[in-house]
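Single-structure report; data block below.
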Amino acid sequence: MQRIAVFVYGVLSYACFFATFLYAIGFLGNFGVPRSIDAAAEGALATAVLVNVLLLAVFALQHSVMARPAFKRWWTRIVPEPAERSTYVLASSVALLLLFWQWRPIGGVVWHVEHPVAAAALYGLFAAGWLTVLVTTFLINHFDLFGLRQVWFYLRGEPYRPLSFVTPGPYRLVRHPLYVGWLLTFWAAPTMTAAHLLFAVMTTAYILIAIRLEERDLVAIHGERYAEYRRSVPMLVPRVRVAEPAETKVARTGMA
């Protein structure tokens, strides 16, 4: 009975995540939601900024603290270990839903792109960001990342099998293509309001901090293999390799 309950809990947690993911697209893209990130200003400016900063801080703290190995070891004394990841996913979704519900628009336009081609390009980057986020989760095992694989093993009475370290597709170009996708969704905006800029700046700062914490844990788990990967592959921006002229290659190899 407990196995079934944990499995159902994992599925419901995933459903909550997926609904939150879809809502986030509308929230950042300004469509299909009651209040988007760029809605008209409400209330006093100082209050709005304070509330928004606190909402972002709640999400950042939840997302980082619950991801640390020390917290997981303590937390699994309270919740079943197979449900740990699902609980993390559910808590992250609740923190985001709280942000969407209590977000205070500020108003004020930082930039507005009027040229239709440029605006369309930014919308394209916005869509590409969401697609990148979704695709990269499947490349590294979407169902493990969001807790479904763990509760499925538990339902079947099988021990959990940790994922091996792999670098598929875009992971050979940058170490964190998932975060590249998030950054595109935050910054690719034809109209950037003050509230949107606050959101983009704070979430970008959080991502840069989160990468350091995450990579510290990955080195502890995978050792020299990840350390070498970190040395050879850039963090977020792919290296641009300029092709050498044919005569330069010939000279370097000593061939006539």
- Task: Given the conditions (1) of a type in the set (A, V, I, L, M, F, W, C); (2) in contact with a helix residue (DSSP H, G or I) (Cβ under 6 Å, 6 or more places away or on another chain); (3) under 16 Å from Leu99 (Cα atoms); (4) buried (at least 19 other Cβ atoms within 10 Å of the Cβ), report the number of the one that Ala60 does not fulfil.
- Result: (4)
- Note on the structure: Checked against (1) within 18 Å of the chain's Cα centre (by Cα); (2) farther than 21 Å from Ala210 by Cα, Ala39 satisfies every condition except (1)
- Is it fair to say Gly129 is under 29 Å from Leu55 (Cβ atoms), surrounded by 15 or more Cβ atoms within 10 Å (Cβ to Cβ), of a type in the set (Gly, Ala, Ser) and in contact with a Lys or Arg (Cβ under 7 Å, 6 or more places away or on another chain)? no
- Message: Within segment 36-45, does at least one residue satisfy the condition of being out of contact with any strand residue (DSSP E or B) (no Cβ under 8 Å at 6 or more places or on another chain), among the charged types (D, E, K, R) and surrounded by 15 or more Cβ atoms within 10 Å (Cβ to Cβ)?
- Response: no
- Message: Any residue at all in segment 104-125 that's of a type in the set (D, E, K, R), surrounded by 13 or more Cβ atoms within 10 Å (Cβ to Cβ), farther than 30 Å from Arg231 by Cα and at pLDDT below 95?
- Response: yes
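The values are calculated or read from the model by the stated rules, or taken from the named source; none is laboratory data. The shown structure was predicted, so the numbers you read here are calculated from the model rather than taken from an experiment. Positions of Cβ are backbone-derived with ideal geometry, glycine not excepted, and every protein chain shown enters the neighbour counts.
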